[in-house]
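In what follows, a structure is listed as structure tokens, so that the remarks can point back to it.
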Amino acid sequence: MPTVRRSALPALTLALALAVPLTGCGSTSADPTDGSATAADDAALTLEDGWAKATDGPMTGVFGTLTNEGDADLHLVEVRSELAGMAEMHVTVDDGTGGRVMREAEDGFVVPAGGEHALEPGGDHLMLMQLAEPVETGQEVTLVVVDADGGEHEFTVSARAFSGAEEEYAPEQETEDP
């Protein structure tokens, strides 16, 4: 073992004391097994029982239950899909004459911490418009939902036949919230 001069001992001790805490600073990502969330962690938001309506028309809806397993509310502000030229988050409201119309949810959706947000025919849903091709029964539809912090959450759902949810889309029509 090499000998260390007595005058160098305090400097060596200080160098070692400073070096030990820095060994944990080399990585900014959390260990996925320790329960910590990272910006790329999609596990906090899930789409349970998700599905899309099969259609040969210009638009389709995506439904299911968004579940936030995280400790903070998630404010969802955007949806997109390669299948659609345009996508929006929609609410369905009374049109004032006894009918129902869809319109864009201008503020998006908030999924509360530890809670859910239902996406249902005739209610809130994700709308894929300007479809490039028909959506056939059994087809896989992939979409990305973006939260206010820029986190992207990708979901793939299957299309199925559904004859309901024939509301009109009226983006320019002013309606009263129920």
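The values are calculated or read from the model by the stated rules, or taken from the named source; none is laboratory data. Quantities reported herein were computed from a predicted structural model and do not represent experimental measurements. Cβ placement follows ideal geometry from the backbone for every residue including glycine, while neighbour counts extend to all protein chains displayed. Areas reflect the complete protein model, heavy atoms only, side chains present, ligands, DNA and RNA absent. Shrake-Rupley method; radii C 1.70, N 1.55, O 1.52, S 1.80 Å.
Miscellaneous remarks
- List Ser163, Ser158, ordered by accessible area with a 1.4 Å probe, largest first: Ser163, Ser158
- The orientation-averaged projected area of the convex hull spanned by the Cα atoms of the range 79-137 comes to 5.7 nm².
- Theoretical gain in end-to-end length, Glu82 to Met129 [0.36 nm per residue, Cα-Cα removed]: 15.8 nm
- Taking every C-alpha pair closer than 8 Å and separated by at least 6 residues, the mean separation divided by the residue count of the range 90-150 gives a relative contact order of 27 percent.
- Across the range 50-133, C-alpha contacts under 8 Å between residues 6 or more apart give a mean separation that, scaled by the residue count, equals a relative contact order of 42 percent.
- On the range 81-126, 42 percent of the accessible area sits on carbon and sulfur atoms, based on a 1.4 Å probe.
- FRET efficiency, 1/(1 + (r/R0)^6) with R0 35 Å, evaluated for Val110 and Arg160 via beta carbons: 0.80
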